[in-house]
Amino acid sequence: MNKRQPKKLIGVSTPLGTNVIYYRNPVLVAWWSAAFPGFGHILLGQYIKGGLLFIWEIFVNIHSHLNLGLIYTLQGDFERTKAVLDPLWILMYIPLFLFTIWDSYHEAVNLNRYIPLINPTKGKIKQKRINAIGRNFLTEKNPFMALFWSMFFPGTGQFYLHRLFESVLLSFWFIVISHYSRFHQGLLYLIMGDIDRSNQAFQADWFMFLPSLFCFSAFNAFTDAVESTFLYRNTELAELELDYQNPHFKVNFPSQS
């Protein structure tokens, strides 16, 4: 009989969601935090902190008219930029924006320091969880399928991967932002070829949130699918070795002359 050795936790899989530890590039995490505060922390699996920062970004951005100011700046209309921005909200925005970038970077560094200690190829994760409210199985996932659904509707790729907290956050705010930006109304006019009415329909300050939301949802779903598949294959391999392979058995391959 092989004695099972205790393993350190590398992930949690429950009917309410999945959260897995794997290497994150700190610079990339910081970049996503700069693109949209909260995204960097969501990449690290810190859903509560990331969700709060996400809501804060939308709230302060709308009140400071930051997106409108950015649009006018890109158009070279600096006078309208100065007229539309609210300096009191901007002064509140800057410190927490910088903190978000700094904190996500250091959280990623600390996470990466922990990974070598847990041996992610032989770590512990329960692959099957079933209870009265649902079920969740750790299985192979198609990264391109997750990418497709996320580009089609942000958050659905995360539903496919059983990332419930991410999917609810992204899907809910996509609906809210689409409503206030009149995204689907403007898209309908654009499909009909009425470009003038399409431009009039879009609310620019809310619409500016959508590119970041679509891109992050797709990137996050794709990378999570890749890492989940890698974890599943290694976990299955470790279980097979533990249950069926004699620890004293060794394979001697013939040497090449």
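The values are calculated or read from the model by the stated rules, or taken from the named source; none is laboratory data. Here the structure is a predicted model, which is why all the values come from computation and not from measurement. As a convention, Cβ positions derive from the backbone with ideal geometry for all residues, glycine included, and neighbour counts pool all protein chains shown.
Below, the figures for the structure above:
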| quantity | calculated |
| --- | --- |
| Positions within the stretch 173-196 being within 23 Å of Leu70 (Cα to Cα) and more than 28 Å from the chain's Cα centre (by Cα), in sequence order | Ile195, Asp196 |
| Members of the stretch 159-196 that are among the aliphatic types (A, V, I, L, M) and either at pLDDT 90 or above or touching a Gly at 6+ places or on another chain (Cβ under 9 Å) (or both) | Leu164, Val168, Leu169, Leu170, Ile175, Val176, Ile177 |
| When residues of the stretch 175-214 are limited to those that are within 22 Å of Thr81 (Cα to Cα) and among the hydrophobic types (A, V, I, L, M, F, W, C), the one surrounded by the fewest Cβ atoms within 10 Å (Cβ to Cβ) | Ala204 |
| Identity of the residue in the stretch 215-231, among the aromatic types (Phe, Trp, Tyr) and farther than 19 Å from Val60 by Cβ, that ends up surrounded by the most Cβ atoms within 10 Å (Cβ to Cβ) | Phe222 |
| Condition broken by Gly76, with the remaining ones in (1) among the small types (Gly, Ala, Ser); (2) closer than 16 Å to Arg163 by Cβ; (3) out of contact with any helix residue (DSSP H, G or I) (no Cβ under 8 Å at 6 or more places or on another chain) satisfied | (2) |
| Flag for Leu74 being modelled with pLDDT under 90 and within 15 Å of Phe207 (Cα to Cα) | no |
| Helices (runs of 4 or more DSSP H) contained in the stretch 38-101 and holding at least 2 residues touching a residue at least 24 places away in the same chain (Cβ under 8 Å) and polar (S, T, N, Q) | 47-64 |
| All positions within the stretch 140-193 that are touching a Pro at 6+ places or on another chain (Cβ under 7 Å) and under 13 Å from Asn220 (Cα atoms) | Leu170 |
| Set Leu188, Leu210, Leu169, Leu161: member being in contact (Cβ under 8 Å) with a residue 40 or more places away in the chain, of a type outside the set (Val, Ile, Thr) and either touching a Ser or Thr at 6+ places or on another chain (Cβ under 8 Å) or more than 30 Å from Leu138 (Cα to Cα) (or both) | Leu161 |
| Residues satisfying the stated conditions in the stretch 97-121, i.e. exposed (fewer than 15 other Cβ atoms within 10 Å of the Cβ) and not β-branched (Val, Ile, Thr) | Leu98, Phe99, Trp102, His106, Asn110, Arg113, Tyr114, Pro116, Leu117, Asn119 |
